[in-house]
1. For the chain, set up a Gaussian network in which alpha carbons nearer than 10 Å are linked by springs, and say which option among Gly29, Gly276, Gly260 fluctuates the most.
2. In a solvent-free Debye calculation with one equal scatterer on each Cα, what is log10 I(q)/I(0) for the chain at q = 0.06, 0.10, 0.11, 0.15 Å⁻¹, listed in the order of the q values?
3. Could you state the angle between the C-alpha long axis of helix 379-407 and the longest principal axis of the C-alpha atoms of the chain, as a value from 0 to 90 degrees rounded to the nearest 10?
4. Any idea which of Met44, Ser288, Gly389 is furthest toward the positive side of the dipole for the chain, if Lys and Arg beta-carbons carry +1 and Asp and Glu beta-carbons -1?
5. Tell me whether segment 92-176 comes out rounded, prolate or oblate; compute the Cα gyration tensor, take square roots of the eigenvalues as a ≥ b ≥ c, and use a/c under 1.5 as the rounded threshold.
6. GluC sites (Glu not before Pro), restricted to segment 59-154: which are DSSP loop and have at most 13 other Cβ atoms within 10 Å?
7. Place a point 7 Å from the Cα of Ser33 along the Cα-to-Cβ direction; which residues of segment 170-210 have their backbone N under 19 Å from it?
8. At a Cα cut-off below 28 Å, give the lysines reachable from Lys122, other chains included and same-chain residues fewer than 8 away excluded.
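Every number in this text was worked out from the coordinates using simple rules, so none of it is lab data. Every value quoted in this text rests on a predicted model; they were computed, and no experiment measured them. When we count neighbours, we look across all protein chains shown, and the Cβ atoms used for this are built from the backbone with ideal geometry, even at glycine.
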Amino acid sequence: MSISFRAIKVSDKVYWVGAIDWSVRNFHGYRTSSGTTYNAFLVMGEKIALIDTVKKPFYDEMLARISSIIDPAKIDYIISNHAEMDHTGALLQTIRSVKPEKVIASIKGAEALLKHYGPELKIQPVKSGDSLDLGTVHLMFEETRMVHWPDSMVTYMPEDKILFSQDAFGMHLASSERFADQIDSSVLYREAATYFANILMPLVVPISSRLDALTKTGWKFDIIAPDHGPIWRQNVSWIVNNYTQWLQRKPTNKAVIVFGTMWESTELMARAISDGLIEGGVRVSLMSVDKCFRSDVAAEVLDAGALFVGSPTLNNNIFPSVMDVLTYLKGLRPKNLIGAAFGSHGWSGEAPEQIAEVLRSMKVEMPEPPLKITYVPQENELIQCREFGIRMAKKLNNYIESYKNNRG
Ligand code: FEO
């Protein structure tokens, strides 16, 4: 079957030959409500290189796009910047069909690909500073371990000043447009921030260090071509500046209140606490775990200064749906937060203290003990919740001031 997908020109010598996944809605636990793309790029020197491939079911789309400009058998090199299967699922099939002279990956990439696809894969490992001559153009490699996996590396083409950045600077967004300057900036911000929060937030330390290393290479970027979402050209500095902000994760005057509820009592508490926070001048995002997906909560936490988690007690434990979100957030390791636990219970009431224990393990500062109320909160108890919110608003402001004084 012949499919009529076409390559898209990125620069004089580079074409996008990836695939658009309009349907994916769950990306290992991250709700991708806008779908995604798996980007692959052809670099056309005297020799031809394919940078990354696509998720396995999209092999035919990628091959059709390549075939729209060259016979795929003319590809000399395949470069795998990142071993995760959304970029290598189609690798083995591509190698069998193209029979390239070399398949190139980082040293860790070679190990990872061997474990994924077996000894049929023959990889030439490269390290930072190595390069590949394609005749009229060449490609340079820089390892970027833990951006996103230990194998991650980026490839740079100095002639067109293009950084092929694999997962970094990407977003899960299926769209007709291939370039970020064709897309509304509010959509770009929301999707890039959500992607950063859910994929890269736990890795801010290695990412900062790799970005420093990239700066030291002296490479100039006119174009950043990530493995997901649109390609950056006129707005390269916009996305780099946003990364600089997100990597710092400075506390802001915003609180995320995430809660589960059994008979609406913990929800009443959440709403009363939110009213107190708003009274104290704090921006609030109130999120029910029954209505909001865990990755949407993570996206809200990215630019917050406070995290409140509420749960009823069910069989002496945290509500399972609250624990799901809490476990997910803990893995993402958000920094520089204050917070609190709360919840309604009937008799034993362990959940708020159990939440507090998890928040402490996340290094969330908790200036107030967990707020607990039995059964249905009465009017005076809702006033207590509201006052709790007002006190926490002051404590958040103090926390922000202290952060500015200590860390700028
Ligand atoms: Fe898009 Fe870490 O793979």
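1. Looking only at Gly29, Gly276, Gly260, the largest GNM fluctuation is found for Gly29.
2. For the requested q values the scattering log ratios are -0.29, -0.71, -0.82, -1.21.
3. Taking Cα atoms only, the helix is inclined about 50 degrees.
4. Positive-most Cα among the choices belongs to Met44.
5. Working: a/c = 1.34, a/b = 1.14, b/c = 1.18.
It comes out rounded by the Cα gyration axes.
6. Working: sites: Glu61, Glu84, Glu101, Glu111, Glu120, Glu142, Glu143; in loops: Glu84, Glu101, Glu120.
Answer in residue order: Glu101, Glu120.
7. Counting backbone N atoms under 19 Å from the label point, the list is 171-176, 184-199.
8. Once the sequence-local lysines are set aside, what remains near Lys122 is Lys13, Lys47, Lys55, Lys56, Lys74, Lys99, Lys102, Lys108.
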